[in-house]
Amino acid sequence: MKIISINAGSSSLKFRLFEMKDESVIASGLFERIGMDGSNFTIEYGKEKINQEVDLPDHKVAVSILLDKLVSLNIISSLNEIQGIGHRLVHGKDKYRDSVLITEEVIKDLEDFKEFAPLHNPANVLGIRAFQEALPEVPMVGVFDTAFHQTMNKETFLYPVPYSWYEKYGVRKYGFHGTSHRYIANMAKELLGKDEFRLISCHIGNGASLSAIKDGLCVDTTMGFTPLSGVMMGTRSGDIDPSIIPYVMEKEGMNVGEVMDELNKKSGLFGLSEFSSDMRDIIARCDEQDEKSWVARKKYVRRIVDYIASYYVLLGGVDMIVFTAGVGENSVPIRREICEALACLGVKIDLDLNNQRGKVTKISTEDSKILVYVIPTDEELMIARDTLKLIG
Ligand code: ADP
């Protein structure tokens, strides 16, 4: 059975087509700059890769070109082969604790919740509508980024602010990257060979979040009401004192939207280094002894270590720490620096094993008190698996 995973953004659409018999990837690709100049698409299949500039006025055109190409490039023999469509959906508030078959009610909820994810939820709806039109008979499943975190208890997900903000406006911690953290939790369960375990999943890419996971369920996570909170990221600040916002507004003559833009797009690694949001660039600059890049790097590591320490106490000890996503999977020095700072918890890593990239690797030594793994995340596969499960 073939299932396609879709991640629709406001101007992009990523896809991955799976043969679910062996979970192999048949094709993958990206449609970019939808509704803008310079729109184009890339499709990879087997050893082939094509990239074409083409007019993509909207998501419907992108989906129709994608489906045409899958057949005309002989990736599939007919569209009937696609038996399920899984959509990555960003915000399901506290209503969606699991993946669901997409119905008109789900679409309406995505629209109703758009205040909570103004860029993502409307884009997700565009993706759903485009596939509904192109393949009306094929069942679709929605996999929410927020779902995995809905097992947090009330004292964890509430902020210490007037209770009425939660009751009236839904002000609470929702958490994000849930599909990735759930994938890591499943992998950890398999690697440990038991159902009871304490895990800290570190999804550190351009966006970054950590989750404290007990027996496969989320106990706490670093992102909150929005993806801006928690650890420091590529361009997002992570946690800051909220009083900074009105102070800077006054000093810089900015409105609240402008300051929020700085916190989302011009802070984090980029903000402190005044150079780049990409950890590779920061490390290269550190090698040239650039002081701001060093501060950015140290602050980045420090924030992650602080949360791991706090989750260690919350979980009453930890069996496994996992690094995943762009920095977590690839950055040898950042993993080393985080683990060195955790030495007091009994974490020890093998520097040779830590040199590995891109595959599941245990990097802790035999005498480390906590297992440390690198596990490449696979949100698309998780979406395809959920789709298969729900369409039966
Ligand atoms: P996103 O959050 O956009 O999905 P990714 O998980 O793909 O991001 O992570 C992208 C980030 O991973 C890059 O911005 C870069 O900082 C980091 N990264 C990728 N490769 C390396 C590497 N070899 N060393 C250090 N950082 C890396």
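Coordinate-derived values only; no laboratory data. Computed from a prediction, not measured in an experiment: that's the story for all the values here. Note that each Cβ is placed from the backbone with ideal geometry, even for glycine, and that neighbours are counted across all protein chains shown.
A compact table of results
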| quantity | calculated |
| --- | --- |
| Debye intensity ratio I(q)/I(0), log10, segment 1-68, q values 0.12, 0.16, 0.27 Å⁻¹ (C-alpha model) | -0.30, -0.52, -1.19 |
| Per residue convex hull volume, Cα atoms of segment 193-379, in Å³ | 128 Å³ |
| Principal-axis tilt of helix 291-315 within the chain, Cα atoms, nearest 10 degrees | 90 degrees |
| Relative contact order for the chain, counting Cα pairs under 8 Å that sit 6 or more residues apart, in percent | 14 percent |
| Exceeding the 20 Å Cα-Cα cut-off - candidates Lys173/Lys214; Lys21/Lys362; Lys173/Lys359 | Lys21/Lys362; Lys173/Lys359 |
| Sum of side-chain charges, Lys95 neighbourhood, beta-carbon under 12 Å (Lys, Arg +1; Asp, Glu -1) | -2 |
| Interchain or long-range residues, amide H under 5 Å from Asn40's placed H | Glu32, Val54 |
| Whole-Hz ³J(HN,Hα) from phi, Karplus 6.51 cos²θ - 1.76 cosθ + 1.60, for segment 125-133, glycine and proline x | 5, 4, x, 4, 4, 4, 6, 4, 6 |
| Built amide H within the under 5 Å cut-off of Ile370, gap 5+ | Lys348 |
| Asp367-Asp306 pseudo-label distance in nm [points 7 Å out on the Cα-to-Cβ vector] | 3.3 nm |
| Length released on extending from Asp352 to Lys266, taking residue separation times 0.36 nm less the Cα-Cα span | 27.4 nm |
| In Hz, Karplus ³J(HN,Hα) per residue of segment 19-35 (6.51, -1.76, 1.60; θ = phi - 60°; x = Gly, Pro) | 8, 6, 3, 10, 6, 7, 8, 8, 7, 8, x, 8, 9, 10, 6, 4, x |
| Beta bridges by DSSP in the chain, antiparallel share as percent, to the nearest 5 | 70 percent |
| Environment charge at Ile65 (Cβ cut-off 15 Å; Lys +1, Arg +1, Asp -1, Glu -1) | -2 |
| Cut-off 18 Å, label 7 Å out along Cα→Cβ of Asn206, residues of segment 1-31 by amide N | 7-16, 29-31 |
| Estimated distance in nm for a label pair at Lys95 and Asn186, the labels positioned 7 Å out from Cα along Cα-to-Cβ | 2.5 nm |
| Burial ranking of peptide ranges 57-65, 247-255 (average Cβ count within 10 Å, highest at the top) | 57-65, 247-255 |
| For the chain, convex hull of alpha carbons as volume per residue, Å³ | 163 Å³ |
| Within segment 193-379, percent of DSSP bridges classed antiparallel, to nearest 5 | 60 percent |
| Highest-first arrangement of 180-192, 21-33, where packing means the average Cβ count within 10 Å | 180-192, 21-33 |
| Placed amide H near Leu89: partners under 5 Å, 5+ positions off or other chain | Val143, Phe144, Asp145 |
| Simple Cβ-charge dipole of segment 2-144, Lys/Arg +1 and Asp/Glu -1, about Cα centre, in debye nearest 20 | 260 debye |
| Gained length - Arg33 relative to Asp319, 0.36 nm times residue gap less alpha-carbon distance | 98.6 nm |
| ³J(HN,Hα), Karplus 6.51/-1.76/1.60, whole Hz, each residue of segment 346-356, x for Gly, Pro | x, 7, 9, 10, 8, 5, 6, 4, 5, 6, 5 |
